[in-house]
1. With +1 on the Cβ of every Lys and Arg and -1 on the Cβ of every Asp and Glu, and nothing else charged, how large is the dipole of the range 39-138 about its Cα centre, in debye rounded to the nearest 20?
2. Skipping prolines and chain starts, which residues have an amide H placed within reach, meaning under 5 Å, of the one on Val74, given they are 5 or more residues away or on another chain?
3. Name the shape class, rounded, prolate or oblate, that the alpha-carbon gyration tensor gives for the range 39-138, where a ≥ b ≥ c are the square roots of its eigenvalues, rounded holds for a/c under 1.5, and otherwise prolate holds if a/b is larger than b/c and oblate otherwise.
4. Name the trypsin sites (Lys or Arg not before Pro) in the range 44-108 that are in a loop by DSSP and that have at most 12 other C-beta atoms within 10 Å, would you?
5. In deg cm²/dmol and to the nearest 500, what is the mean residue ellipticity at 222 nm of the chain if only DSSP H runs of at least 4 residues count, each as -39500 (n - 2.57), divided by the residue total?
6. What's the extension gain from Ala53 to Asp110 if we count 0.36 nm per residue and subtract their Cα-Cα distance?
7. Can you compute 3J(HN,Hα) from phi for each residue in the range 100-109, using the Karplus curve 6.51 cos²θ - 1.76 cosθ + 1.60 with θ = phi - 60°, rounded to whole Hz and x for Gly and Pro?
8. Taking the Cα atoms only, what angle lies between the long axis of helix 128-138 and the longest principal axis of the chain, rounded to 10 degrees?
Amino acid sequence: MAPVVDLIFPKGLRIPHLVLETILAAVAFSFVATWSRHPHLIHGNLLRLRTGAFGELTLAVRQIETIRKHERKVKGFGLRAVPDEATALACTVGAKVNLLIEFADPLSVDINGDNRTVTRVYTAVDEPSAAIRAVKLAMPKRQ
């Protein structure tokens, strides 16, 4: 597409346009690489929800009461408050979420210097069923 658009530009602007297109492509690939290199992770008794370059949230698996599929959109990206729920966070790269994690007891979470009490976290995963199974395997058995 860039070579076709490049023909529209006068000769003096073709090289700067090509440089700009190259930089934009490199930035796009770097975001994809960041998100691919740093996926969500369960390690021991910790669940790390990552949003690439936009931060992460680490939770103790024992604090999780339930985890289930739940599709919705939450405006924004990264770790952020959910506008219509006072005690909810979203931890995603984009607006779409497909997983809901609820806690047995409220947690205190720092979001950019703002300390919030949280009872649920929305996140996005590629395979919700596999993620739910993995988290449930790591969760301690409840009496």
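1. For this selection, approximately 240 debye.
2. Close amide H contacts, sequence-distant or interchain: Lys96, Val97.
3. Values: a/c = 1.39, a/b = 1.18, b/c = 1.18.
Rounded shape, in that the Cα axes give a/c under 1.5.
4. Lys75
5. Working: 3 runs with 43 residues, N = 143.
Computed mean residue ellipticity for the chain: -9500 deg cm²/dmol.
6. Gain on extension, Ala53 to Asp110, equals 18.8 nm.
7. In residue order, the calculated couplings are 10, 10, 10, 10, 5, 10, x, 10, 9, 10 Hz.
8. So the inclination is approximately 40 degrees.
Readers should treat all values here as calculations from the given coordinates under stated rules, not as data from a laboratory. Keep in mind it's a predicted model, so treat the numbers as computed, not measured. Cβ sites come from the backbone with ideal geometry, for glycine too, and all protein chains shown count toward neighbours.
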